[in-house]
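The values are calculated or read from the model by the stated rules, or taken from the named source; none is laboratory data. These figures come from a predicted structure and were not determined experimentally. Cβ coordinates were reconstructed from backbone atoms using ideal geometry, including for glycine residues, and neighbour counts include every protein chain displayed. In case anyone asks, the SASA skips ligands and DNA or RNA and just uses the protein heavy atoms, side chains included. Shrake-Rupley method; radii C 1.70, N 1.55, O 1.52, S 1.80 Å.
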Amino acid sequence: MLYVSLLVEALRAHPETMFWIAALSQALLWTLVPTLFYSAPPGDVSLVIAVGHEWLLGSPFGPPLAYWLAEIALRLTGNHIVGVYLLSQICVVVTFWAVFALGCCIVGARHALMAVLLMVGVSAFSVPTPEFGPGLLAMPLSALAIFHFWKALGEDQRNYWYALAFDLGLLVLTTYAGLILVALIAAFAASTPRGRVALGTIEPWISGLVVAVILIPHLFWLDRAGGAPVPVPTDFFLGLIKADGHLTTWLLLIASILAVHGALLVMVVVAGGVNVGPRASAPLFVRPPVDPFARNFVYFFTLTPGFLASVVAVLLERRAPIGGIAPAVVLSGLAVIVAAGHEIHLHRQRIVGVTWLALLAAPALLTVAATGALPWTVALDLETGQPAKAMAQFFTESFRRRTGKPLEIIGGDQRIAQLVAMTSPDRPSVYFNALPEMSPWVSEADMRTKGAILVWQATDTAGTPPALIKARFPDLVPEVPRSFERTVQGRLPLLRIGWGLIRPPSASDVSAPQSTPAAPSAPQ
């Protein structure tokens, strides 16, 4: 007797509903975990918010869109970081939807759902998702661009050329690595008969103009700043000539891309019937054979983005694929389903369900366990355990009390300064003391005019500032270091922060002790 689990029945009868349950479950999980268990955001989230706070058309960190959206999300939630975590999960859900929609067009809804469910086995879509930034925003924009390109080229729905233009314009406004996808789309269109026919119509060329219009403000900023769309080191072309010297580096980058698919391989092995006899019964999912053009389309946009991003990364001497791994592997699950053929047997239904739930929940559970256990066991100082709110409250109130003015600039240790700037009610600008050119929105002259606070991790009881801060601000008088307790202190020492205040010219020490009035004399 053939046993069919409830999961299989739901997959057959309600693939759209199952998609939304799966996608929204992951989104809810990775919104709650960092909101409830992180006292400071992970990775470069605080940097993204610090840059977005300045509302520039561009910066040394690249195009502005991701930074602007992070600042908007923070403000919409009352300067609470949950808005940025929620924005990250919106990006993940939109990515899943674009892959599901593309899969529905090529392999049908049921097999498209399988492709999305396999994406939980790609760590690029699960573990780092709270870390919003250009790479994470590029993920849904890349998926939408590929989907709309299929609708325009594969199904000859010409109106989708304009949607594609909008996607690509926003993608390049997010990261210069988006130019790789622009080049791949142009190459695919020019190299296929169907694409060359499409290029003979007016819509693709109007779409090109739309992309240019979207990019005009940023291109204007690039012209004013004298920058280049893609940072090219002086030995770029020499690197092309001596590419054989970078072979090991390139192979390591390719290995890193393959490594993020480890859990996906586990899902394929569990569900694919390995070591199951030929007579073993299993639910069968049948679809019409995939059109050769569609198959080539999926394989091309599965394999080439990661390959090209890794090659460019080697030539630019980067340690990771340009634009991040996630945008380069958005179609991995769909490619597996296409390669599996038009008949897919789902073996080991219960184990498959348990495995999928484990892959969904394990990263979150491990994150929670590590947050609570590591400070107690190995005394590891986690960046997500730093007391951002307490630091922001102390330094903001100290500056206001000393000067009678709001805190407008904070500098020193970049990570600490960014956390204070993000959670302070005054939302000061961040000055990058180590590389001032990376913070063009504020200068040393601004700091001396408006006043500022410099912070660093104290290494002694006197709070002696680091040599770099001392050299740049020789007249800075360090204050008594302030100690902060982490959310999970464990066996760690208190977080001791040294700091110093640069007074604005007109500021007086309003907190200075005043003379105590004499006590009234006793009545005669």
Restricting to DSSP loop positions (anything but H, G, I, E, B) with no more than 14 other Cβ atoms inside 10 Å of their own Cβ, which chymotrypsin sites (Phe, Trp or Tyr not before Pro) remain in the stretch 1-85?
Tyr3, Trp55
Hey, if you drop one equal point scatterer on each alpha-carbon of the chain and run the Debye formula without solvent, what base-10 log of I(q)/I(0) do you get at q = 0.11 Å⁻¹?
-1.05
Residue-normalised value, i.e. accessible area per residue, for the chain at 1.4 Å probe, in Å², stands at 47 Å²
Nearest-10 value in Å² for the accessible area of Tyr162, using the 1.4 Å probe
80 Å²
Tell me, what HN-Hα J-couplings in whole Hz come from the Karplus equation 6.51 cos²θ - 1.76 cosθ + 1.60 at θ = phi - 60° for each residue of the stretch 425-441, using x for Gly and Pro?
x, 7, 6, x, 7, 9, 9, 8, 5, 5, 9, x, 5, 7, 10, x, 7
Based only on the alpha carbon positions, what is the Kirkwood hydrodynamic radius of the stretch 288-373, in angstrom?
16.1 Å
Taking amide H atoms as placed 1.01 Å from N in the peptide plane, list the residues 5 or more away in sequence, or in a different chain, whose amide H sits under 5 Å from that of Ser429.
Ile409, Ile410
Hz values of 3J(HN,Hα) by residue in the stretch 478-495 - Karplus curve (6.51, -1.76, 1.60), Gly and Pro given as x:
x, 8, 5, x, 10, 9, 10, 9, 6, 4, 10, 6, x, 9, 6, x, 4, 7
Which percentage, to the nearest 5, of the DSSP beta bridges contained in the chain is antiparallel?
65 percent
So, by mean Cβ neighbours within 10 angstrom, what's the order for 422-428, 253-259 with the highest one leading?
422-428, 253-259
Tell me, in nm to one decimal, what length is gained between Asp381 and His80 on full extension, where the rule is 0.36 nm per residue of separation less the Cα-Cα distance?
106.0 nm
Share of accessible surface on carbon and sulfur in the chain, whole %, 1.4 Å probe and ligands ignored, is 66 percent
